[in-house]
4 protein chains.
Amino acid sequence: MNINDNTAVLLMHCPDQPGILATVTEFINQHKGNIIYLDQYVNREEKIFFMRVEWQLDFFQIPKEKIAEYFQTLIGIRYNMTFKLYFADTKPRMAIFVSKMPHCLYDLLARYAAGEWRVDIPLIISNHPDMENVAKRFDIPYYYFPITRENKEEQEARELELLAKNDITFCVLARYMQVLSDNFINHYPNHIINIHHSFLPAFAGAKPYHAAHERGVKLIGATSHYVTAELDAGPIIVQDVTRITHKDTVSDLIKKGRDLEKIVLSQAVEKHIDRKVLAYRNRTIVFQ
Amino acid sequence: MNINDNTAVLLMHCPDQPGILATVTEFINQHKGNIIYLDQYVNREEKIFFMRVEWQLDFFQIPKEKIAEYFQTLIGIRYNMTFKLYFADTKPRMAIFVSKMPHCLYDLLARYAAGEWRVDIPLIISNHPDMENVAKRFDIPYYYFPITRENKEEQEARELELLAKNDITFCVLARYMQVLSDNFINHYPNHIINIHHSFLPAFAGAKPYHAAHERGVKLIGATSHYVTAELDAGPIIVQDVTRITHKDTVSDLIKKGRDLEKIVLSQAVEKHIDRKVLAYRNRTIVFQ
Amino acid sequence: MNINDNTAVLLMHCPDQPGILATVTEFINQHKGNIIYLDQYVNREEKIFFMRVEWQLDFFQIPKEKIAEYFQTLIGIRYNMTFKLYFADTKPRMAIFVSKMPHCLYDLLARYAAGEWRVDIPLIISNHPDMENVAKRFDIPYYYFPITRENKEEQEARELELLAKNDITFCVLARYMQVLSDNFINHYPNHIINIHHSFLPAFAGAKPYHAAHERGVKLIGATSHYVTAELDAGPIIVQDVTRITHKDTVSDLIKKGRDLEKIVLSQAVEKHIDRKVLAYRNRTIVFQ
Amino acid sequence: MNINDNTAVLLMHCPDQPGILATVTEFINQHKGNIIYLDQYVNREEKIFFMRVEWQLDFFQIPKEKIAEYFQTLIGIRYNMTFKLYFADTKPRMAIFVSKMPHCLYDLLARYAAGEWRVDIPLIISNHPDMENVAKRFDIPYYYFPITRENKEEQEARELELLAKNDITFCVLARYMQVLSDNFINHYPNHIINIHHSFLPAFAGAKPYHAAHERGVKLIGATSHYVTAELDAGPIIVQDVTRITHKDTVSDLIKKGRDLEKIVLSQAVEKHIDRKVLAYRNRTIVFQ
């Protein structure tokens, strides 16, 4: 095992008060954990303290399986904390949803195949058969669930079953052009990442490049966000834009947008894999 | 007179058909004009041809005051052209409207005072007295027109009179926090430039930084556009964005936004002064 | 055949004088060619006229195989033009050179496989065996030429033979970590595209991310350029940068740089495929 | 006094070891200081811990004038710290050096006059008389020191005397086209901010826009940095770039560069005023 793999990551927030940071870092130091990363942020308007701290476990005196319990008993209760504890050697398991466009899919799979990410991708789900050949190139099982108004509930139930069976921890919609039901979303709150091809909140909904062209904007954008019940309105993780001119047709926007979409989606997926995103209300804290 | 000052600028559009560009450039060459700039663009969806061409008049055989007439008779009618002819030695005359924030105002006046622009700024209009001291630093007359619901029509009439008396050709709203009436706007169609502190069409209307913060976007923007009857919906000239994080409060956004606003507004003003913007329907062609 | 495929592209430059643009466009119109794209640029310091014009051949009265000759005879000689004529239905043939890093390779191949580009990629060449599995995923022949100081001349001769046999028109160095000999480069002048992982001319040569970190810059960049005899000094096609902070280690720079490198390389390749790059002296004109 | 004014800012670094952060935050909390800002960074390669912490003094039990001593005795010695302590209500005093170009000067003065910065600007120094009219607009004393090879040492001595008399804490070179002597620089180590009109280390020295044009780059940049004995080689504070094309002449670069220069310089000055820059060896830590 790589020495860096043996770390714990704590993502937490609680009402702000003096001494939280000192208490948590002392807890780790005292028990011989070596902090290798700490990023904290205080929302002073709402008086909430947020922190991500990562430490090496090699000489940590509390056994891995007891850390969450001890932390909760000794510190969490006192500060009324909401926290999650992760271990770097437990990889998240990611399902990709795709429809007919390959650019985001290729970008995700290329990074995965190149070993850039500490993640498993056991399967790809689609409402169309078109991308199966891409899945095959990367030897990843491809499940085709055609969706109609009539069968949607039933098909989503089958998808959820498949995800559960494969211990999927989060889903990535790589230009998946099918709205998920509230029921589906509720199985993965803040664990479904979508890429929308505009700088939200502008041009939410269908055909944003057409709308952008019609409006005559001079920039187009892409937004990755967690999926919530309200369409294109969930917590934003990453956004970026690129410059366009009056010369660009809708086709040009679609083409220029592809590079934005794939990079913006992959950046969000990477932050999620690294447990660096904390969704709070309808916003995200993205630790560095 | 600087040799480059003695030029004519033609901004035109017409239904596209073969030969327009050759015809216009021949017209200029044939009469001994020397083309120093040409940028054209064909909107192939709507089949419209747009062009900006600038040529030296030193040896041009048609007298300045006759060029528009000759061009219309010999070429304009044949191609059903809409065109405007400008001369570089006729400076546009610009009025600045401002309320209480100085950053855009300073940026405009500093460029003006430094001689960066070929423009006259005979006056500044405001609905508040606060910025008079800035106007004084630059020795520009400052007119204070307090606006209430009751006196708005009357005050705007006085403003229009003042603008007319000073031969103002276009207006710049440098964070002028007062909506202009349709009547006012109709006196300067596509000749009033506003800066809105968001990447439109997101966050139109009041308090865009508050709305951006509330939505949790990762970029904030600024948009300069021509003012039309519908609020924040006119043809966009320049847009830009800057990156923000969860750490930025509304005050931080306001502060980061100031640099965006002033640069985006001044870039639009410069393009307008250089007669490089052509508004068509609700979009702009911005020539290079 | 798609109607848009039947077009001719003319890339040209010549000493500037009045009337060139009119003459060329008349030549095309007169013979019933329909111009669908025109971008011109005059370098006024050196008095050189550059143009890219593309027109539909469906009703063009000069046969394809005669156009170059007629153009040269009727116009080229008169204006002392240097020009190249391409046909959209003749695809360029591209060879990829790669060493051990997959990110640029994947990005090129994903676009190719997705049909984004009008190009053929008959083969991949490498000085290492590592990337063969990527080539296999995309069913592209992979040729492994290990290079040592002793065998370099001989191996390059074999590579050139292979390129010739496959009618390769241009080469793309997708993080190929081996300097090509002058002899090799001379076989493909301005037809070998390299990606260098810095904003040239800063940090030319080896280990630019280490050098950038050492210098403490706040931006890192990537540069795609044509390869010339002088290392990292050829005509630049595309450059871009991304923001970094003091927190970024060399490993972070390498990681952030990967996205830059692949996008900047692919953008240059696309411009080259579309015959929109004209190298002149040590610079490029990149038509829109 | 504004409540936020009564704060202390500690900028520090020391060899990294467990517990520093906890010790410092405890020191502040224990003595009833309320931390309103904390940003830390560990350079893991060189094992150095850096931190900026700001806390309210209203109920802090150690008197202002004793804090540095207590901190050094109780904590600094133990951790072998290098630190500086500032108080928000003690404004830095800034001298501007300028030659003939007004754009950076105007931008600095406009922010100052608008009250954006917590700074005093008691004087402007120049080696030319040209900018005196700008200084007058803002009612700031302007000192003209013409520099020749012969009188440089003497003139610099007079400048240093003037700076000392005015309690100047840092200098800003707003396009000051005169190299300072090592002796001068040694009076203000890491307290002289320069703006260089390129993305350093590319195009150091004279005429960077000419060099950028000659090289054919597709981006131009600006770099603000602390001045050190080696020209254009000091610790970089802020950098930014803007996109250019083959169409841009040297004059266009100069024009486009102006906006970059003024924003990049002002951003660095602001960070310095806010005591958010810590120079370490030849790099900077720029706290958020």
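The values are calculated or read from the model by the stated rules, or taken from the named source; none is laboratory data. Since the structure is predicted, the reported quantities are computational estimates derived from the model, not experimental observations. Neighbour counts are summed over all protein chains in view; Cβ atoms, including those assigned to glycine, are modelled from backbone coordinates with ideal geometry. Accessible surface areas use protein heavy atoms only, side chains included; no ligands, DNA or RNA. Shrake-Rupley method; radii C 1.70, N 1.55, O 1.52, S 1.80 Å.
Data overview
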| read-out | value |
| --- | --- |
| Test result for A:Val179, surrounded by 19 or more Cβ atoms within 10 Å (Cβ to Cβ) and either in the same structural domain as A:Gln239 (by TED's automatic domain parsing) or at pLDDT 95 or above (or both) | no |
| Index of the failed condition, A:Tyr70 passing every other in (1) at pLDDT below 95; (2) open to solvent by 30 Å² or more (accessible area, probe 1.4 Å) | (1) |
| Residue within region B:38-51 that is assigned to a helix (DSSP H, G or I), within 27 Å of the chain's Cα centre (by Cα) and not assigned by TED's automatic domain parsing to the domain that holds B:Thr169 present | no |
| Which listed residue, of A:Ile237, A:Ile220, is touching a Ser or Thr at 6+ places or on another chain (Cβ under 7 Å), under 25 Å from D:Gln288 (Cα atoms) and assigned to a strand (DSSP E or B) | A:Ile237 |
| Residue check, B:Asp5 surrounded by fewer than 20 Cβ atoms within 10 Å (Cβ to Cβ), under 21 Å from B:Lys276 (Cα atoms) and in contact with a Phe, Trp or Tyr (Cβ under 7 Å, 6 or more places away or on another chain) | no |
| Pairs where the first residue, in region C:174-199, is under 22 Å from C:Val134 (Cα atoms) and the second is basic (Lys, Arg) and surrounded by 15 or more Cβ atoms within 10 Å (Cβ to Cβ), C-beta under 7 Å, 6+ apart | C:Ile195/C:Arg175 |
| Residue satisfying condition, being of a type in the set (Phe, Trp, Tyr), modelled with pLDDT of 95 or more and not assigned by TED's automatic domain parsing to the domain that holds C:Arg175, within set C:Phe97, C:Phe83, C:Phe27 | C:Phe83 |
| Residue count, region A:202-225 (criterion: surrounded by fewer than 21 Cβ atoms within 10 Å (Cβ to Cβ) and in contact with an Asp or Glu (Cβ under 6 Å, 6 or more places away or on another chain)) | 1 |
| So D:Ile35, is it in contact with a strand residue (DSSP E or B) (Cβ under 8 Å, 6 or more places away or on another chain) and away from chain A (no Cβ under 11 Å) | no |
| Criterion: aromatic (Phe, Trp, Tyr) and free of Cβ contacts under 8 Å to residues at least 40 places away in the same chain - qualifying residue of A:Phe50, A:Phe27, A:Phe59 | A:Phe59 |
| Among (1) of a type outside the set (D, E, K, R); (2) in contact with a Ser or Thr (Cβ under 8 Å, 6 or more places away or on another chain); (3) over 30 Å from B:Lys100 (Cβ atoms), the one test that D:Leu108 misses | (3) |
| Residue among D:Asn133, D:Asn127, D:Asn151 that is modelled with pLDDT of 95 or more and open to solvent by 50 Å² or more (accessible area, probe 1.4 Å) | D:Asn133 |
| Output for region D:1-24, where each listed residue is in contact (Cβ under 8 Å) with a residue 60 or more places away in the chain and under 21 Å from A:Tyr37 (Cβ atoms) | D:Met12, D:His13, D:Cys14, D:Pro15, D:Gln17 |
| Some residue of region B:70-83 being of a type in the set (Lys, Arg) and in a helix (DSSP H, G or I) | yes |
| Tally of residues being within 14 Å of chain B (Cβ to nearest Cβ) and out of contact with any Cys (no Cβ under 9 Å at 6 or more places or on another chain) across region A:177-208 | 11 |
| Some residue of region A:164-176 being open to solvent by 20 Å² or more (accessible area, probe 1.4 Å) and either more than 25 Å from A:Ala279 (Cα to Cα) or not assigned by TED's automatic domain parsing to the domain that holds A:Met101 (or both) | yes |
| Qualifying residues in region A:214-225 (those that are hydrophobic (A, V, I, L, M, F, W, C) and more than 7 Å from chain B (Cβ to nearest Cβ)) - the one farthest from the chain's Cα centre (by Cα) | A:Ile220 |
| Of all residues making up region B:38-53, the number that are surrounded by 17 or more Cβ atoms within 10 Å (Cβ to Cβ) and within 12 Å of chain C (Cβ to nearest Cβ) | 8 |
| Flag if A:Ser266 is in contact with a helix residue (DSSP H, G or I) (Cβ under 8 Å, 6 or more places away or on another chain), of a type in the set (S, T, N, Q) and over 20 Å from B:Ala212 (Cβ atoms) | yes |
| Hits in region C:17-32 (condition: touching a strand residue (DSSP E or B) at 6+ places or on another chain (Cβ under 7 Å) and open to solvent by 60 Å² or more (accessible area, probe 1.4 Å)) | C:Pro18 |
| Options D:Thr228, D:Thr284; residue that is facing another protein chain (nearest Cβ under 7 Å) and either farther than 30 Å from C:Asn282 by Cα or not in a strand (DSSP E or B) (or both) | D:Thr284 |
| Flag for C:Arg78 being modelled with pLDDT of 95 or more, more than 14 Å from chain A (Cβ to nearest Cβ), open to solvent by 10 Å² or more (accessible area, probe 1.4 Å) and at negative phi | yes |
| Residues being open to solvent by 30 Å² or more (accessible area, probe 1.4 Å), under 22 Å from the mean Cα position of the chain (by Cα) and at the interface with chain A (Cβ under 10 Å from one of its Cβ atoms) - total across region B:233-278 | 1 |
| Filtered residues of region C:193-207 (kept if under 28 Å from C:Glu150 (Cβ atoms) and in a loop (DSSP other than H, G, I, E, B)) | C:Ala204, C:Gly205, C:Ala206, C:Lys207 |
